[in-house]
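These notes concern the structure reproduced below.
The values are calculated or read from the model by the stated rules, or taken from the named source; none is laboratory data. Being a predicted model, the structure only gives us computed values, none of them experimental. Reconstructed Cβ throughout: ideal geometry from the backbone, glycine too, with neighbour counts over all protein chains shown.
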Amino acid sequence: MSWSLQLAETLPELVLSVGAIVLMLIAAWGKQSAARAVSWVSVAVLIGAEIALLGPASSGGVAFDGLYRADAFAGFAKTLIFAAAAVSILIAPRFFARTSGDDLKPEYPVLILLSAAGMGMMVSAGDLLTLYVGLELQSLAAYVLASFMRRDARSAEAGLKYFVLGALASGILLYGISLVYGFTGSTQFDSIASAYGALNGARSYGMLFGLVFVFAGLAFKISAVPFHMWTPDVYEGAPTPVTTFFASAPKVAAIALLTRVAVSAMGPALHDWRQIVIFASLASIVLGAVAAIGQTNIKRLLAYSSINNVGFALVGLAAGGSEGVASVLFYMTIYIVMTLGSFLIVLQMRDADGPACPGCRARGRALRWRWRSSCSVSPAFRRCLGSTPSWQCSWPPSTPGSPGSPRSLRSGPSWAHIITCASSRSCTSTRPGPSSNAIPIRSKAA
């Protein structure tokens, strides 16, 4: 394959990287006055990366000797990632203008562009080394974004927690990668799949432990239980536009990366990693639904909502096969739209005195929350954030072994299906009333 075609397949990442470097120079020379201009140009760069997906970048196949894969799966995931990144940039100027202490810095959109470039590498990875480089590029930019408001103690705390726990997760992932490489002799996904397939039912504990550590490291990136502990604190402390970004684009990238690793690299070990995915899925669904009940901070509540939704997305991955992968992408598409819409509503929230309420913490009569608020962020977004789509909780399924179940449901509902349905309906059983679909906010005049 010619170098020109290989570069064409990586054109979205090239556009983002070159754009980020140029805008970084503009930010260095223009300083604070260039913040809005850099933001708008960054959105244009993301649109250009979206347009670049129309060519070989989404259908070119394998590039750079298997290190990079440009296929429809990666193209679809990148479309969601770039769109979410653009929204996160557009909503930032108004937020920082209304927040005292820290103004919008021109480095903010540059960091998002670099993070988006890393996420593009993640979803197109065909090798464990490409996976790790893309993941670290995304993570390093995210650590800075979490602590972007330097005068805010909560933002600094969020950045520090994210960095420490992220470094731990990266170490776990890297240890798993080293085990997989040591026992399979390759870092390429195709060669790893061949090595797992060559076992023919035999047990290699080295390869099994490598699989477990790789999945544990990736579970941290998607906030799956039991590697979810950083999510509520980081979501609460980070600036709201940054939280919007964390809850959308990196989540899609990490889910897509986990799906590619599970299906492409470790597909023959389906029965080994399926147990891990089913446990993480059900634990995330239950904990995300139950822990959200007592939250008094809307951003922490939405953090648990994201944990809950990751659990539902993992149900499709547990099914395996092309139908399961398709269900994961479909679910993440709906999740992106609902999450961005919900955080746009959070940005519009005000306290009783009128100023913006970035922390959105309940304070007396100014902002009152009930347990049912986890499902009433807004009427339009309730069912997708508080419950699973109807095709996952309808019985009988439309086809045997549907993508929404971790195994064939020919004979009846499984225990996993029952837990999934029960958790998805826990938030929709609110008491009827005129205020059940609205966030009760009372002003002093009232």
Q) What residue, among those in the range 23-35 that are exposed (fewer than 14 other Cβ atoms within 10 Å of the Cβ) and not charged (D, E, K, R), is nearest to residue 71 (Cα to Cα)? A) 25
Q) Which of (1) under 21 Å from residue 221 (Cβ atoms); (2) surrounded by fewer than 22 Cβ atoms within 10 Å (Cβ to Cβ) does residue 66 not meet, given it meets every other one? A) (1)
Q.
On the basis of being surrounded by fewer than 16 Cβ atoms within 10 Å (Cβ to Cβ), modelled with pLDDT of 90 or more and under 22 Å from residue 122 (Cα atoms), does residue 170 make the cut?
A. no
Q | Residues that are in a helix (DSSP H, G or I) and within 8 Å of residue 183 (Cβ to Cβ), drawn from the range 194-206 | A | 195, 206
Q: Could you please find all residues in the range 1-51 being in contact with a strand residue (DSSP E or B) (Cβ under 7 Å, 6 or more places away or on another chain) and free of Cβ contacts under 8 Å to residues at least 24 places away in the same chain?
A: none
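May I ask you to verify whether residue 143 is aromatic (Phe, Trp, Tyr), in contact with a Gly (Cβ under 7 Å, 6 or more places away or on another chain) and either at pLDDT below 90 or not in a loop (DSSP other than H, G, I, E, B) (or both)?
Spelling it out, residue 143 is indeed aromatic (Phe, Trp, Tyr), in contact with a Gly (Cβ under 7 Å, 6 or more places away or on another chain) and either at pLDDT below 90 or not in a loop (DSSP other than H, G, I, E, B) (or both).
A quick yes/no check of all residues on (1) touching a residue at least 12 places away in the same chain (Cβ under 8 Å); (2) more than 19 Å from the chain's Cα centre (by Cα); (3) closer than 30 Å to residue 349 by Cα:
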{"position": "53", "(1), (2), (3)": "yes, yes, no"}
{"position": "56", "(1), (2), (3)": "yes, yes, no"}
{"position": "78", "(1), (2), (3)": "yes, no, no"}
{"position": "113", "(1), (2), (3)": "yes, no, yes"}
{"position": "118", "(1), (2), (3)": "yes, no, no"}
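Please work out which residue is surrounded by the fewest Cβ atoms within 10 Å (Cβ to Cβ), limiting yourself to the range 116-137 and to residues that are outside any helix (DSSP H, G or I) and touching a strand residue (DSSP E or B) at 6+ places or on another chain (Cβ under 6 Å).
Looking at residues that are outside any helix (DSSP H, G or I) and touching a strand residue (DSSP E or B) at 6+ places or on another chain (Cβ under 6 Å), I get 127.
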Q. Only one of (1) more than 25 Å from residue 73 (Cα to Cα); (2) of a type outside the set (A, V, I, L, M); (3) at pLDDT below 90; (4) out of contact with any Gly (no Cβ under 9 Å at 6 or more places or on another chain) fails for residue 272. Which number is that?
A. (1)
Q. Out of 130, 184, which single residue is closer than 27 Å to residue 71 by Cβ and within 22 Å of the chain's Cα centre (by Cα)?
A. 130
Q. Of everything in the range 319-340 that's in a helix (DSSP H, G or I), at pLDDT below 90 and not hydrophobic (A, V, I, L, M, F, W, C), which residue is surrounded by the fewest Cβ atoms within 10 Å (Cβ to Cβ)?
A. 322
Q) If you go through the range 222-238 one residue at a time, do you hit one that is under 23 Å from residue 283 (Cα atoms), free of Cβ contacts under 8 Å to residues at least 60 places away in the same chain and hydrophobic (A, V, I, L, M, F, W, C)? A) yes
Q: Would you please name the residue that is surrounded by the fewest Cβ atoms within 10 Å (Cβ to Cβ), looking only at residues in the range 207-238 that are in contact with a Leu (Cβ under 8 Å, 6 or more places away or on another chain) and not in a helix (DSSP H, G or I)?
A: 229
Q) Out of the range 282-305, which residues are of a type in the set (Ser, Thr, Tyr) and crowded, with 24+ Cβ neighbours inside 10 Å? A) 284, 304, 305
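Quick check on this structure: which one of 263, 252 is surrounded by 19 or more Cβ atoms within 10 Å (Cβ to Cβ), within 15 Å of residue 318 (Cα to Cα) and modelled with pLDDT of 90 or more? Walk me through it before giving the result.
Details: 252 fails: within 15 Å of residue 318 (Cα to Cα).
Just a single option satisfies the conditions, and that option is 263.
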(Q) Would you confirm, using the coordinates I've provided, whether residue 28 is within 24 Å of the chain's Cα centre (by Cα) and among the small types (Gly, Ala, Ser)? (A) no
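Every residue, every condition in (1) touching a His at 6+ places or on another chain (Cβ under 7 Å); (2) polar (S, T, N, Q); (3) under 25 Å from residue 262 (Cβ atoms); (4) assigned to a helix (DSSP H, G or I), yes or no:
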site	(1), (2), (3), (4)
23	no, no, no, yes
40	no, no, no, yes
50	no, no, no, yes
62	no, no, yes, no
66	no, no, yes, no
77	no, no, yes, yes
95	no, no, no, yes
114	no, no, no, yes
